[in-house]
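*Asks:* Questions regarding the structure given below will be posed in turn.
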Amino acid sequence: MQSSNENNGFNLGTVFTRLAAVHPDRDCLVWGDKRWTYTQMLERSRRLASFLFDRGYGAHTERDQLQGHESGQDHLAIALYNSNQYLESMIGSYLARVAPFNVNYRYVGDELRYLFNDAKPKVLVYHAALAPVIAEIRGEVPSIEVYLQVADESGNALLDGALDYEEALALGSPDGPPVTPSPDDLYVLYTGGTTGMPKGVLWRQDDIYMNCMGGRKIGSWEAVTSYDDVERNAREGFGLKVMILPPLMHGAAQWSSFIMMGDGATLVLPAKPRSQDPVDVLRTIERERVNTFNCVGDAMLRPLLDELDRGDYDVSSLLAVANGGAPLTAALKARTAERLPSVIISDSVGSSETGAQMVSNAATGSQQGQFRPGPGAVVVSEDLDRLLVPGEDALGWLAQSGWVPLGYLGDQAKTAKTFPVIGAQRFAVPGDRARLLESGEIELLGRDSVTINSGGEKIFAEEVEGAIAGHPAVFDVVVTGRPSERWGSEVVAVVAFNPGASATREELSEWASHHIARYKLPKDVVVVDKIVRSPAGKADYRWAKEQVTKQ
């Protein structure tokens, strides 16, 4: 089936087509010394869409014939570092009614084997640097029929039977395929798998666009109602230069990119996309006169502040820093405000299953972990039978209603559990503990899967991390639980210190005791050279548990 009704919402491919019509000659993406206008990005995306369509890939079953955990489209896996090809693969897939999904480029063979056999992609787009690990498992993922290899500085040869990405684009028509993309087409985002196996979250494109990809302004929450609104917002936007620091395989980076393109922005990538080099990032900000950048937590922002203190950089063009995906501690917010006093710091909360939910705009936040909820962001009771009211002193679950996902790919049971119906309304409840305060703000306590039950008390890892992170000796910290005969589970902090610095458990506990109750303080501290995090900056709690249990 290659046609659909466009009048019941928004499709991301169509949205980008409209944006390109507004600013055809404006730079859409800058990467090192390379630049692509909106017109050029659209043509390249259309060529990929034509290539996919010509090989028979697209939508086979319309949404109204499917359950929430089912897909009626062919899937395309994107195993790429940040690059123009990443956005082209997304947009080109949308224009062909193919459903792309993100692949963690750090995954090894076993992880890729699991992911591909779960998602069953027909097409894989990958950087040549990843060719060796792709070669290891390609015989065990029978769904993949087309391998598109993107050349890079690795110099790795084209895999047997693979097609060079640029050659594939040359085969596709610049006019795009004879397809009308649908608002019901899927946006697929795989979770990070830092606390469990990755799961494919299925969104209608209209829902994800309206939730957090440009359909409404984060903070004011003003929503567009037509494609004419889309064009007007792009025409009237500030046309900022926005640096995308997190990997595009991370939902927050994809969402930020589409939001900012919707305001007519130019996206800027650091020259070195595989790892964050603070010198490269700051020189790029200086050269391109970047106005804002997005980051994911302390682990991504702290090295930039450290390098600013060491070097001489002109970052006077910066107006704002937008954080999402992992919390910024109050200590680092305060340091940022001191180092960059004219820069606005925004902190937002969301997840793969909820989209954007809450914001905090003050330079130092409200209180640590407290946010202003957006429309549909609520706290539901522990037994999922009602919504909590402001000031009710009860621990509940952070939830989202309205524009929420359809479900988890291929998993009906987890779909029913994570997306329950309360009253007559459907909610997304991915597992974050929260309280609804009398002020109407929501206090976010942390993901239940990393909560430590110690001596009958629930202790939230993120809360303890925030309390320890401000200590002058601490460079990075992650907190987890360890089995204990006395407590059942005891709190252990895994800490990496600043060069030449150190602190005892007693000193760290004394510092943290000014921010959290004493029963939450760590019973032990494990010192490591470096905290392992995802490329997006999120803590890897499985790794942390390994560190504390092997002691």
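*Asks:* Counting other beta carbons within 10 Å of each residue's own, what order do 127, 471, 514 fall into, fewest first?
*Replies:* So the residues, fewest neighbours to most, are 514, 471, 127.
*Asks:* Test of understanding: ordering 197, 261 by Cβ neighbours within 10 Å, fewest first, what list do you get?
*Replies:* Ordered by Cβ neighbours within 10 Å, fewest first: 197, 261.
*Asks:* Can you give the calculated 222 nm mean residue ellipticity of the chain, where each DSSP H run of n ≥ 4 adds -39,500 (n - 2.57) and the sum is split over every residue, rounded to the nearest 500 deg cm²/dmol?
*Replies:* Helix contribution divided over all residues of the chain: -8500 deg cm²/dmol.
*Asks:* Under a plain spin-label model, where a point goes 7 Å from the Cα along Cα-to-Cβ, how far apart in nm are residue 549 and residue 394?
*Replies:* 3.4 nm
*Asks:* By how many nm would the segment from residue 517 to residue 277 grow when fully extended, if each residue of separation counts as 0.36 nm and the alpha-carbon distance is taken off?
*Replies:* On the way: separation 240, 0.36 × 240 = 86.40 nm, distance 3.73 nm.
The span from residue 517 to residue 277 would gain 82.7 nm if fully extended.
*Asks:* If you restrict to DSSP beta bridges whose two residues both lie in the chain, what percentage is antiparallel, to the nearest 5?
*Replies:* If I count the DSSP bridges inside the chain, around 60 percent turn out antiparallel.
*Asks:* Also, quick follow-up: Run the numbers for residue 498 and residue 288: contour at 0.36 nm per residue of separation, minus the present Cα-Cα distance, in nm. Don't skip to the end; give the middle numbers.
*Replies:* Working: separation 210, 0.36 × 210 = 75.60 nm, distance 3.09 nm.
My answer for the length gained is 72.5 nm.
*Asks:* With respect to the cross-link table entries 120/199; 34/272; 199/458, which display a Cα-Cα separation exceeding 18 Å?
*Replies:* 199/458
*Asks:* So, with +1 on the Cβ of K and R and -1 on the Cβ of D and E, and no other charges, what is the size of the charge dipole of the chain about its Cα centre, to the nearest 20 debye? List each step's numbers first, then the result.
*Replies:* Working: 53 positive and 72 negative charges, 53 e Å.
Roughly 260 debye, rounded to the nearest 20.
*Asks:* Moving on to the next point. Convert each backbone phi in region 545-550 into a coupling constant with the Karplus relation 6.51 cos²θ - 1.76 cosθ + 1.60 (shift: θ = phi - 60°), then list the ³J(HN,Hα) values in order as whole Hz, x for Gly and Pro.
*Replies:* Working through the residues one at a time gives 5, 4, 5, 7, 8, 8 Hz.
*Asks:* Could you tell me the distance between the Cα centroids of region 448-486 and region 425-445, to the nearest Å?
*Replies:* If we compute the Cα centre of each part, the gap is 20 Å.
*Asks:* Listed highest first by mean packing, meaning other Cβ atoms within 10 Å per residue, what order do 383-390, 527-534, 212-219 come in?
*Replies:* Ranking, from highest mean packing down: 212-219, 527-534, 383-390.
*Asks:* Restricting the count to DSSP beta bridges whose residues both fall in region 276-446, what percent are antiparallel, rounded to a multiple of 5?
*Replies:* Approximately 75 percent, going by the DSSP bridge assignments.
*Asks:* Compute the FRET efficiency between residue 542 and residue 448 as 1/(1 + (r/R0)^6), taking r as their Cβ-Cβ distance and R0 = 22 Å, and round to the nearest 0.05.
*Replies:* With R0 = 22 Å, the Cβ-Cβ based efficiency is 0.90.
*Asks:* On to the next question. Nearest 5 percent is fine: what portion of the DSSP beta bridges confined to region 455-549 is antiparallel?
*Replies:* DSSP beta bridges in region 455-549 are roughly 75 percent antiparallel.
*Asks:* Report the full-extension gain for the segment residue 339 to residue 120: residue separation times 0.36 nm, less the Cα-Cα distance, to one decimal in nm. Write down the numbers at each step before the final one.
*Replies:* Working: separation 219, 0.36 × 219 = 78.84 nm, distance 4.74 nm.
Roughly 74.1 nm would be gained on extension.
*Asks:* Still on this structure: Output the peptides 404-417, 132-145 sorted from most to least packed, where packing is the average of other Cβ atoms within 10 Å over each peptide's residues. Please report the intermediate quantities before stating the final value.
*Replies:* Numbers: 404-417: 18.9, 132-145: 15.4.
Per-residue mean Cβ counts within 10 Å order the peptides as 404-417, 132-145.
*Asks:* Of the listed values (1) 85, 51, 46; (2) 122, 66, 53; (3) 66, 58, 50, identify the label whose number matches Cα extents along the principal axes in Å calculated from this model.
*Replies:* (3)
*Asks:* May I pose another question? Using packing as a proxy for protection, rank 307-320, 245-258, 421-434 so that the peptide with the highest average count of other Cβ atoms within 10 Å comes first.
*Replies:* In descending order of packing, they fall as 245-258, 421-434, 307-320.
*Asks:* Another question, if that's okay. Please work out the FRET efficiency for the pair residue 425 and residue 530, using the Cβ-Cβ distance as r and a Förster radius of 41 Å; give the result to the nearest 0.05.
*Replies:* Numbers: r = 44 Å, r/R0 = 1.08.
Taking R0 as 41 Å, the efficiency between residue 425 and residue 530 is 0.40.
*Asks:* With 10 angstrom as the radius, rank 226, 50, 83 by how many other C-beta atoms surround their C-beta, starting from the fewest. Display every interim value, and only then the final one.
*Replies:* Details: 226 10, 50 24, 83 18.
Ranked by crowding around the Cβ, least crowded first: 226, 83, 50.
*Asks:* Hey, with R₀ at 51 Å, roughly what FRET efficiency would residue 143 and residue 510 work out to, going by the Cβ-Cβ distance, to 0.05?
*Replies:* 0.40
Values in this text are rule-based calculations from the coordinates and carry no lab data. Remember, predicted model here, so these are calculated numbers, not experimental data. Glycine gets a Cβ as well: all are built from the backbone with ideal geometry, and neighbour counts include every protein chain shown.
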